[in-house]
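The values are calculated or read from the model by the stated rules, or taken from the named source; none is laboratory data. Quantities reported herein were computed from a predicted structural model and do not represent experimental measurements. Here the Cβ is made from the backbone with ideal geometry for all residues, glycine too, and neighbour counts use every protein chain on show. The accessibility values were calculated without ligands, DNA or RNA, using every heavy atom of the protein model including side chains. Shrake-Rupley method; radii C 1.70, N 1.55, O 1.52, S 1.80 Å.
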Amino acid sequence: MQDKIRILLVDDDEDDYIITRDIIEDIPGRHYLLEWAGSFREALAQIEQKRHDVYLVDYRLGAHDGLELIQEAVKKGSMAPFILLTGQSDRETDEKAMRAGALDYIVKGTISPNELERSIRYSIEHAKSLAVIQRLNTELEQRVKERTQELGAAIRKLEQTNKSLYEAEQEVRKALQKEKELHELKSRFVTIASHEFRTPLSTVLSSASLIGKYKSTEDDDKRQKHVDRIKSAVSNLTSILNDFLSISRIEEGKIYNVPSEFDLVAFSAEVADEMQGFLKTGQRIHYKNYRDKAIITLDRQLLKNILFNLLSNASKYSGEDRNIYFTTETTDEAIRITVQDEGIGIPDADKTHLFTPFFRAQNVTNIQGTGLGLNIVKKYVDIMEGTLSYQSELDKGTTFTIVFPLIANS
Ligand code: ATP
Ligand code: MG
């Protein structure tokens with residue numbers, strides 16, 4: 001047996017209720033339960049409880065009318081079928097009823113049980129379809145919302161990927177650029193090496209063959225001269241090779257700053273002393289330390305290399321009998337080292353390229369060199385977190401200054 005269909009009649013006239021009840025009782029087959037709400041307010045309260053399957057709403061409702069009630073109920077979210085009961089049948093009422101949300105309208109007084117049954121059945125089915133459509137619609141909206149969110153997430157992800165890709169591309173570009181520079185440096189090494197090696201090697205060759213020719217003891221001096229030449233050529237080769245090695249180790253990131261504590265004054269005096277043997281006739285290194293403080297913490301080996309390079313440049317690019325002033329100064333803030341010469345100086349036009357590998361100024365073409373020393377010095381000073389600067393005047397002399405800031409550690 002089917003459930004009873006619950007009907008709420010909204011009508012302020014009890015007589016109408018009785019008439020309607022009689023008509024409903026005459027409907028064959030189905031069972032109906034008719035309840036009655038006599039006022040707008042009561043009807044609204046009942047509708048909110050959602051206990052009924054269908055509402056028959058009278059057009060006239062005291063101060064209100066049935067259309068108002070239906071509109072109000074629909075506004076409050078009711079999806080139950082409303083059937084409007086009116087006194088007259090005309091198109092205008094029909095349209096008004098539909099617009100307000102009623103599914104059907106019945107003209108009072110002319111209604112037969114069969115017509116009422118049909119209207120109720122149709123309205124209930126219609127309301128059900130509407131509910132399904134509404135549910136599908138809500139689901140669809142929800143789906144669209146979810147998809148939109150998913151899309152947003154996908155777009156953000158894409159943007160992220162794009163950014164990572166861009167960054168990766170930049171990295172690759174940088175690596176490639178570095179690789180290119182290294183490659184260029186290497187090919188320049190090969191060119192310069194073959195060129196630089198030719199002179200000392202031919203010296204070795206010619207001196208060696210001459211030595212072979214000097215047989216008698218009177219030739220001892222000449223022999224010795226060529227032995228010395230060979231020695232000097234070999235040490236020249238060794239120093240070029242060492243520079244090449246240093247550069248390639250720097251490029252590969254294999255040079256590390258390993259600071260240790262030592263006495264700067266004793267160390268500098270020793271370096272000056274060692275260099276003395278390589279100077280030109282009459283040249284002298286004057287070493288001076290300003291300040292008593294001498295114990296410092298730096299990478300000894302790197303510093304020694306730096307000083308050898310600067311002092312040998314000072315000697316190489318100065319004439320005989322010139323002075324080289326070498327100073328150290330340690331304060332609480334910094335260690336300051338200078339190497340000053342009275343040599344040929346650096347032309348202004350060449351100053352910007354001084355630290356570029358293989359670069360040599362235009363006024364040194366007659367003086368032997370590869371143009372690597374200062375590049376190494378600059379890189380070492382960088383590794384030691386110091387700064388390198390210089391001042392130079394053509395034909396007057398050059399001063400190189402290195403400063404290592406002390407970060408409150410001594
Ligand atoms: P090497 O690699 O054998 O040291 P180099 O002395 O030519 O060769 P760097 O020491 O790098 O190379 O110096 C580069 C250039 O800077 C020199 O060729 C020279 O032109 C200029 N230079 C460096 N020091 C001085 C200096 N004290 N006085 C004048 N010019 C200098
Ligand atoms: Mg040099």
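Looking at this structure, is L158 farther than 30 Å from E385 by Cβ and surrounded by 10 or more Cβ atoms within 10 Å (Cβ to Cβ)? Please lay out each step first, then the result.
Working: farther than 30 Å from E385 by Cβ: yes; surrounded by 10 or more Cβ atoms within 10 Å (Cβ to Cβ): yes.
In short, yes.
Within region 234-248, is even one residue more than 16 Å from ligand 1 (Cβ to nearest atom) and either within 28 Å of E196 (Cα to Cα) or assigned to a loop (DSSP other than H, G, I, E, B) (or both)?
Filtering region 234-248 for residues more than 16 Å from ligand 1 (Cβ to nearest atom) gives none.
Scanning region 234-248, I find no residue that is more than 16 Å from ligand 1 (Cβ to nearest atom) and either within 28 Å of E196 (Cα to Cα) or assigned to a loop (DSSP other than H, G, I, E, B) (or both), so the answer is no.
Say whether the condition of being open to solvent by less than 100 Å² (accessible area, probe 1.4 Å), more than 30 Å from D228 (Cα to Cα), free of Cβ contacts under 8 Å to residues at least 60 places away in the same chain and out of contact with any strand residue (DSSP E or B) (no Cβ under 7 Å at 6 or more places or on another chain) is met by at least one residue in region 190-201.
Within region 190-201, not a single residue is open to solvent by less than 100 Å² (accessible area, probe 1.4 Å), more than 30 Å from D228 (Cα to Cα), free of Cβ contacts under 8 Å to residues at least 60 places away in the same chain and out of contact with any strand residue (DSSP E or B) (no Cβ under 7 Å at 6 or more places or on another chain).
Is at least one residue of region 348-362 farther than 20 Å from Q391 by Cβ and either of a type in the set (A, V, I, L, M, F, W, C) or not assigned by TED's automatic domain parsing to the domain that holds I247 (or both)? If you could, list the steps in order and put the result at the bottom.
Step one: list which residues in region 348-362 are farther than 20 Å from Q391 by Cβ, which gives 357-358.
If we keep only those that are either of a type in the set (A, V, I, L, M, F, W, C) or not assigned by TED's automatic domain parsing to the domain that holds I247 (or both) as well, we get 357-358.
Checked region 348-362: at least one residue is farther than 20 Å from Q391 by Cβ and either of a type in the set (A, V, I, L, M, F, W, C) or not assigned by TED's automatic domain parsing to the domain that holds I247 (or both).
Could you check N236 against (1) of a type in the set (S, T, N, Q); (2) in the same structural domain as T199 (by TED's automatic domain parsing); (3) in contact with a strand residue (DSSP E or B) (Cβ under 9 Å, 6 or more places away or on another chain) and say which number it fails?
(3)
Within the bounds of region 261-276, is there any residue that is surrounded by 13 or more Cβ atoms within 10 Å (Cβ to Cβ) and within 30 Å of S194 (Cβ to Cβ)?
Yes, that holds for at least one residue.
Any residue that is at pLDDT 90 or above and exposed (fewer than 15 other Cβ atoms within 10 Å of the Cβ) - is there at least one of those in region 51-64?
Yes: one or more hits.
Between I367, I376, I324, which is surrounded by fewer than 14 Cβ atoms within 10 Å (Cβ to Cβ), within 11 Å of ligand 1 (Cβ to nearest atom) and closer than 21 Å to M275 by Cβ? Walk me through it before giving the result.
Details: I376 fails: surrounded by fewer than 14 Cβ atoms within 10 Å (Cβ to Cβ); I324 fails: surrounded by fewer than 14 Cβ atoms within 10 Å (Cβ to Cβ).
Exactly one residue qualifies, and that residue is I367.
Could you tell me which of the residues R99, R147 is open to solvent by 100 Å² or more (accessible area, probe 1.4 Å) and modelled with pLDDT of 90 or more?
Values: R99 fails: modelled with pLDDT of 90 or more.
Residue meeting the stated conditions: R147.
From the set of residues in region 379-410 that are closer than 20 Å to L303 by Cα and of a type in the set (D, E, K, R), which is farthest from ligand 1 (Cβ to nearest atom)?
So, considering only residues that are closer than 20 Å to L303 by Cα and of a type in the set (D, E, K, R), the one farthest from ligand 1 (Cβ to nearest atom) is E385.
Filter region 13-29 down to the residues that are at pLDDT below 90 and touching an Asp or Glu at 6+ places or on another chain (Cβ under 7 Å) and list them by number.
D16, I27
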